[in-house]
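Throughout, read-outs are computed from the coordinates displayed, never taken from laboratory work. Since the model is a prediction, treat every value here as computed from it, not as a measurement. All Cβ positions, even for glycine, are placed from backbone atoms using ideal geometry, and neighbour counts span all protein chains on display.
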Amino acid sequence: MNIQVFLQPVNGSGFRAETSSPWNVTAQGATREEALDRVRDQIRAKLADGSEVVSVAVDEPENPWLKLAGIHSNDPQYQNDLDAVAEYRQQVELDADRP
């Protein structure tokens, strides 16, 4: 398991290592490695009592807009509108006077 640890030097007294939730562990050590070792020890102690970190799948609600997808697929006027938009865009792109 990889856990992100915020590691910072402490003026004249080594390093402080901190983790965020769900661990909420802070440790200090004379060296960088000592601070990290102490964080590891604290996390192992939390896991030793049977605690777990698990992932839970949550179903996302269906997007209500998907019900409207394709409602114009059989409408001939819709295709005419798309063609008109494409033609206008081409005219705009070819117009050298437009920014």
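For the reader, a short list of remarks on this structure follows.
- Comparing 24, 63, 80 in a Gaussian network model of the chain where C-alpha atoms under 10 Å apart are linked, the largest mean-square fluctuation is found at 80.
- Calculated log₁₀ intensity ratio I(q)/I(0) where the Debye formula runs over C-alpha points of segment 6-48, q = 0.23, 0.24, 0.26, 0.27 Å⁻¹: -0.67, -0.72, -0.81, -0.85
- Rounded to 10°, Cα long-axis angle of helix 76-94 versus longest principal axis of the chain: 80
- In this Cβ point-charge picture (+1 for Lys and Arg, -1 for Asp and Glu), the chain has a dipole of about 840 debye about its Cα centre.
- Taking Cα centre as origin and charging only the Cβ of basic (Lys, Arg, +1) and acidic (Asp, Glu, -1) residues, the dipole magnitude of segment 6-48 rounds to 100 debye.
- Ranked list, fewest to most other Cβ atoms within 10 Å of each Cβ, for 44, 16: 44, 16
- Sequentially through segment 2-13, phi angles give Karplus couplings (6.51, -1.76, 1.60; θ = phi - 60°) of 9, 10, 6, 10, 8, 10, 9, x, 10, 2, x, 10 Hz, Gly and Pro residues having no value and appearing as x.
- Listed residues 30, 2, 86: farthest to the positive end of the dipole of the chain (Cβ charges): 30
- Mean residue ellipticity (222 nm) of the chain, computed from DSSP H runs ≥ 4 via -39,500 (n - 2.57), nearest 500: -12500 deg cm²/dmol
- Each residue of segment 26-35 is assigned a 3J(HN,Hα), and the resulting list reads 10, 8, 10, x, 5, 10, 4, 5, 5, 4 Hz, derived from the Karplus form 6.51 cos²θ - 1.76 cosθ + 1.60 (θ = phi - 60°), x at Gly and Pro.
- Ranked list, fewest to most other Cβ atoms within 10 Å of each Cβ, for 7, 68: 68, 7
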